[in-house]
Amino acid sequence: MSTATGAIGLSAPWLDERDEELVLEVMRSGRLSLGPAGPRFEELLAEAVGAPYCAAVSSGTAGLHLCMRLAGVGPGDEVITSPYSFVASANCAIYEGATPVFADIDPETLNLDPAAVEAAVTPRTRAVVAVDIFGYPCELDELRAICDRHGLALVEDACEALGARYKGHLLGSHGHPATFAFYPNKQLTTGEGGAVVTGSREELELLVSLRNQGRLETSSWLQHGRLGFNYRLDDISAALGIGQLEKLDRILAGRSAVAGRYAELLSGLDLEVPFADDADHERSWFVYVVKLARGIDRDAVIHRLAADGIACAPYLPSIHLQSYMRERFGFGEGLCPVSEDASARTMAIPFHARLAREDQERVAEALRSALQ
Ligand SMILES: Cc1ncc(COP(=O)(O)O)c(C=O)c1O
């Protein structure tokens, strides 16, 4: 997968003949939805993350939305989440008429700072959406303790963190509902898709009904027991997911090796590489995000690399500063200074499981010359 002089994209899925075979099998069977591939994918995914139950859904966003239903979030409630995340971490609360409340992040892990979460709790708080940003596990024990103390639901947005471990245990196996996402830049892709895993059978039953237009286990096709959604994952996508799960270990190992090479190649440059693992946190590599030194013109760096055919992107903007958030909730600069500082300085560089060493060398060289 080397492109000695060609363009180097930001991400690329790992697709192979086995994926094609599995997808074709579904197409030839004619059972494109509600066939056997969905349950098989769920079974394998549950096993891969050590979760008792798994409900596949049409996207990570859909999964987070359903988690809000599990938590009983509704109008007038507040849901605390991280400003340094993808918008879906906060939008899921808004879909249910609740108000997102942003607690600031830790400057190193870029995940929610538990002390900031504790300080953000009010009598209206109903849930915390804890994000494992860039695949680095959040402070689950501290966050769970806060939730237990205040009677809040804990929902994990593990959309970027398939395969990561907290305190030695895979994310998804900790009992509370956790959502994964399978857009093509993720560790595992189904095209579009997602899944919610949980340790609770009752939650699984509710998820299965809600994603399928509120049908009950006992309902016939046009009988609906509650207001639901069409958040089903189709069988073509599920089949692709099965192919991806079969090689998940190789995908994760490849990503880890590429990250290790970047750490070497970028050492000595005036930038911070992603925070290292420790005994409690084992990252699953999703993107490779570097933090530039203060005063560096990030846009100029990005343009410079683009001129060499290397795709980079500012990553991530703080959610509370998105225009619709400012307009609707009156959020502004200064609400979460750590997140805002990170947002001003972080950028994603090309990253995927099969990125060739020569391409990484080109990226590192281009960065070196852009930062001089
Ligand atoms: C942290 C986070 N949350 C939620 C999502 C939403 O997932 P999807 O794009 O599958 O709806 C994503 C994916 O982009 C994500 O990175």
Which residue out of G268, G228 is out of contact with any Cys (no Cβ under 6 Å at 6 or more places or on another chain), on the phi > 0 side of the Ramachandran plot and assigned to a loop (DSSP other than H, G, I, E, B)? G268
What is the one condition in (1) open to solvent by less than 50 Å² (accessible area, probe 1.4 Å); (2) modelled with pLDDT under 95 that S220 does not satisfy? (1)
Which condition from (1) among the polar types (S, T, N, Q); (2) over 23 Å from A164 (Cβ atoms); (3) open to solvent by less than 60 Å² (accessible area, probe 1.4 Å) is the one that S339 breaks? (2)
Hey, among L316, L367, which residue is aliphatic (A, V, I, L, M), over 17 Å from S85 (Cα atoms) and touching a residue at least 60 places away in the same chain (Cβ under 8 Å)? L367
Selection count where residues are buried (at least 19 other Cβ atoms within 10 Å of the Cβ), more than 16 Å from the ligand (Cβ to nearest atom) and in a strand (DSSP E or B), scope segment 272-304: 5
Unique match (being farther than 30 Å from L15 by Cβ and acidic (D, E)) among E358, E365, E327: E327
Considering only segment 3-58, how many residues are out of contact with any strand residue (DSSP E or B) (no Cβ under 8 Å at 6 or more places or on another chain), within 30 Å of A313 (Cα to Cα) and open to solvent by 60 Å² or more (accessible area, probe 1.4 Å)? 3
Among (1) open to solvent by 30 Å² or more (accessible area, probe 1.4 Å); (2) of a type in the set (S, T, N, Q); (3) within 15 Å of the ligand (Cβ to nearest atom), the one test that T179 misses: (1)
Taking segment 107-118, which residues are of a type in the set (A, V, I, L, M) and either surrounded by fewer than 18 Cβ atoms within 10 Å (Cβ to Cβ) or not in a loop (DSSP other than H, G, I, E, B) (or both)? L112, A115, A116, V117
Could you list, ordered by first residue, the pairs with Cβ atoms under 9 Å in which the first is in segment 20-37 and assigned to a loop (DSSP other than H, G, I, E, B) and the second is surrounded by fewer than 14 Cβ atoms within 10 Å (Cβ to Cβ), at least 6 apart or interchain? G35/S29; P36/S29
Test A307 against the stated conditions and say whether it is farther than 30 Å from G35 by Cβ, modelled with pLDDT of 95 or more and open to solvent by 70 Å² or more (accessible area, probe 1.4 Å). yes
Could you check segment 119-153 and list, in sequence order, the residues that are of a type in the set (G, A, S), open to solvent by 30 Å² or more (accessible area, probe 1.4 Å) and in a helix (DSSP H, G or I)? A119, A145
Within segment 141-176, can you find the residues that are within 23 Å of W285 (Cα to Cα), away from the ligand (no atom under 16 Å from the Cβ) and aliphatic (A, V, I, L, M)? L170
Quick check on E192: is it assigned to a helix (DSSP H, G or I) and open to solvent by 20 Å² or more (accessible area, probe 1.4 Å)? no
Please go through (1) in a loop (DSSP other than H, G, I, E, B); (2) open to solvent by 30 Å² or more (accessible area, probe 1.4 Å) for E205 and return the number of the only condition it doesn't satisfy. (1)
Enumeration of residues in segment 342-360 that are open to solvent by 30 Å² or more (accessible area, probe 1.4 Å), within 22 Å of F134 (Cα to Cα) and not in a loop (DSSP other than H, G, I, E, B): A344, R357
Which one of the conditions (1) surrounded by 18 or more Cβ atoms within 10 Å (Cβ to Cβ); (2) assigned to a loop (DSSP other than H, G, I, E, B); (3) within 16 Å of the ligand (Cβ to nearest atom) does Q244 fail to meet, given that it meets all the rest? (2)
Tell me yes or no: at least one residue of segment 63-73 is β-branched (V, I, T), away from the ligand (no atom under 11 Å from the Cβ), farther than 20 Å from L152 by Cα and in a loop (DSSP other than H, G, I, E, B). no
Note on segment 83-106: residues within 13 Å of the ligand (Cβ to nearest atom) and either open to solvent by 20 Å² or more (accessible area, probe 1.4 Å) or under 20 Å from G194 (Cα atoms) (or both) are S85, F86, V87, A88, S89, A90, N91, C92, A93, Y95
Hey, can you tell me all the residues within segment 61-81 that are closer than 25 Å to A348 by Cβ and out of contact with any helix residue (DSSP H, G or I) (no Cβ under 6 Å at 6 or more places or on another chain)? A62, G63
May I ask you to say which residue of V73, V79, V49, V87 is touching a Phe, Trp or Tyr at 6+ places or on another chain (Cβ under 8 Å) and hydrophobic (A, V, I, L, M, F, W, C)? V49
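The values are calculated or read from the model by the stated rules, or taken from the named source; none is laboratory data. All of these numbers come straight from a predicted model, not from anything done at the bench. In this analysis, Cβ positions are derived from the backbone assuming ideal geometry, glycine residues included, and neighbour counts consider all displayed protein chains. Just so you know, the surface numbers come from the protein's heavy atoms only, side chains and all, with ligands and any DNA or RNA stripped out. Shrake-Rupley method; radii C 1.70, N 1.55, O 1.52, S 1.80 Å.
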